[in-house]
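The values are calculated or read from the model by the stated rules, or taken from the named source; none is laboratory data. Predicted, not measured: the structure shown is a model, and the values here were computed from it. Positions of Cβ are backbone-derived with ideal geometry, glycine not excepted, and every protein chain shown enters the neighbour counts. Note: areas computed on protein heavy atoms with side chains; ligands, DNA, RNA excluded. Shrake-Rupley method; radii C 1.70, N 1.55, O 1.52, S 1.80 Å.
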Amino acid sequence: MPEENEQISEDCVFCKILNGEIESNLVYSDEEIVAFNDINPKAPIHILIVPRKHIESVAEMERGDEFIVGNMIKVAKILAEENRIGEKGYKLLINVGEEGGQVVPHLHLHLLGGKKLREF
Ligand code: 5GP
Ligand code: ZN
């Protein structure tokens, strides 16, 4: 059954969260995107916005994936407003690859806020 589900990678921690193998605190879910609280928060609000499709990183994006990433940003805006930081401001961050500080090889957008954040 090789092509059964090409969207999921078996060894990926975020795919395991997506299929319920690993628990998480889900704060958003639709057919394309989920969001959950970061296990090791670096700000009072630290949410990870994750596509259901296993895309390893921005560097591995395929044609059409830009629409998913656009929707991830839209979800970040909704979650920022829900968390009442829409007006004060927040930081959106995508780490790419080893030197970019990416640890989990499944594309994700960090939503950070709830305090004054330093440059990066
Ligand atoms: P990266 O450095 O890859 O951009 O960020 C990965 C993030 O995923 C880190 O902030 C880390 O704390 C978070 N993380 C890693 N494993 C888990 C997990 O099992 N559950 C949750 N909720 N977050 C995780
Ligand atoms: Zn994955």
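For this structure, a couple of remarks:
- Residues that are open to solvent by 50 Å² or more (accessible area, probe 1.4 Å) and among the hydrophobic types (A, V, I, L, M, F, W, C) within the range 46-65 comprise V58, A59, M61, listed in sequence order.
- Residue in the range 53-61 that is in a loop (DSSP other than H, G, I, E, B), among the small types (G, A, S) and more than 16 Å from ligand 2 (Cβ to nearest atom) present: no
Matching residues to (1) of a type in the set (S, T, Y); (2) in contact (Cβ under 8 Å) with a residue 24 or more places away in the chain; (3) in a loop (DSSP other than H, G, I, E, B):
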| residue | (1), (2), (3) |
| --- | --- |
| C15 | no, yes, no |
| P41 | no, no, yes |
| L48 | no, yes, no |
| F67 | no, no, no |
| I85 | no, yes, yes |
| K91 | no, yes, no |
| E99 | no, no, yes |
| H106 | no, yes, yes |
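- Exactly one residue out of A43, A76, A80 is aliphatic (A, V, I, L, M), open to solvent by less than 40 Å² (accessible area, probe 1.4 Å), at negative phi and over 14 Å from the mean Cα position of the chain (by Cα): that is A43.
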